[in-house]
Amino acid sequence: VNNTAAHCAMKRGYEEVLLWSSDLWIINEDNLKNFLKTHKKEKSKISGAILLYPPEHMTFRERKEKIDISNTIQFGGYFPIINNQLNSVFPNHYGRYEKSDSILFKNNRYDVFTTGALMLMDIQAYKESGGLNPSFKINFQDVDLCHKFCEMGYNPLIVSEKCRFYHDEGVSLYSNEV
């Protein structure tokens, strides 16, 4: 579906494609404006943002965490864990459960991966990458796509400055239960 939508957007002359998960929402209008403005200003080909767990009263899922995770980092980037025995690399969340005002997330930075929950891409680079791989049914399409962008020389920009979104992680996977 996303690849078809990107193809249609390209035919209509759009310059970017935005992946936006159904379990994501804007904290305030300026965050989205800052995200788009920074993506363009930095001439990024692929960008993501810092995602926070929503406050308890706003979540649709039952929390399993033993602590209050409201307004803590849900996604701040991925870092690769290399497993030499399996000859593979697994993505791991950077800064999960950190306070949203942590010094780790004050500045924009280039990373290896961003999450498909919120991903803004140059539509031409998206096309050149081959887009999302439909053989990944639910997870890791975003990681695979970021890997393809990195191979083309475009590391994802993680936009941190005045840019936060709530992500009720996993709700879109189980939306028929909500």
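The values are calculated or read from the model by the stated rules, or taken from the named source; none is laboratory data. Being a predicted model, the structure only gives us computed values, none of them experimental. Heads up, the Cβs are rebuilt from the backbone with ideal geometry, glycines too, and the neighbour counts pull from every protein chain shown. Heavy atoms of the whole protein, side chains included, go into the accessibility calculation; ligands, DNA and RNA do not. Shrake-Rupley method; radii C 1.70, N 1.55, O 1.52, S 1.80 Å.
Return yes when Y110 is at pLDDT 90 or above and of a type outside the set (A, V, I, L, M, F, W, C) and no when it is not.
It is true that Y110 is at pLDDT 90 or above and of a type outside the set (A, V, I, L, M, F, W, C).
So, of the residues in the stretch 39-66 that are among the β-branched types (V, I, T) and either on the phi > 0 side of the Ramachandran plot or at pLDDT below 95 (or both), which turns out to be farthest from the chain's Cα centre (by Cα)?
T59
Inspect the stretch 97-116 for any residue being among the aromatic types (F, W, Y), open to solvent by less than 60 Å² (accessible area, probe 1.4 Å) and assigned to a loop (DSSP other than H, G, I, E, B) and give the result as yes or no.
yes
Regarding the stretch 1-13, can at least one residue be identified that is in contact with a Ser or Thr (Cβ under 9 Å, 6 or more places away or on another chain), in contact (Cβ under 8 Å) with a residue 12 or more places away in the chain and open to solvent by less than 50 Å² (accessible area, probe 1.4 Å)?
No - not one qualifying residue is present in the stretch 1-13.
Going by the conditions given, is I81 under 18 Å from L18 (Cβ atoms), more than 14 Å from the chain's Cα centre (by Cα) and of a type in the set (V, I, T)?
Considered against the rule, which asks whether it is under 18 Å from L18 (Cβ atoms), more than 14 Å from the chain's Cα centre (by Cα) and of a type in the set (V, I, T), I81 comes out as no.
Would you pick out the residues in the stretch 21-43 that are open to solvent by 20 Å² or more (accessible area, probe 1.4 Å) and in contact with a Leu (Cβ under 6 Å, 6 or more places away or on another chain)?
Matches in the stretch 21-43: I26, E42.
Please enumerate the residues belonging to the stretch 67-86 that are part of a loop (DSSP other than H, G, I, E, B), surrounded by 13 or more Cβ atoms within 10 Å (Cβ to Cβ) and on the phi < 0 side of the Ramachandran plot.
I69, S70, G76
Of the conditions (1) modelled with pLDDT under 85; (2) aromatic (F, W, Y); (3) in a helix (DSSP H, G or I), F90 clears all except one; give me its number.
Among (1) modelled with pLDDT under 85; (2) aromatic (F, W, Y); (3) in a helix (DSSP H, G or I), the lone unmet condition for F90 is (3).
Go through the stretch 22-52 and give me each residue that's out of contact with any His (no Cβ under 7 Å at 6 or more places or on another chain) and more than 14 Å from V159 (Cβ to Cβ).
S22, W25, N28, E29
From the list K64, K127, K137, which one is under 26 Å from A6 (Cβ atoms) and exposed (fewer than 13 other Cβ atoms within 10 Å of the Cβ)?
The unique qualifying residue is K137.
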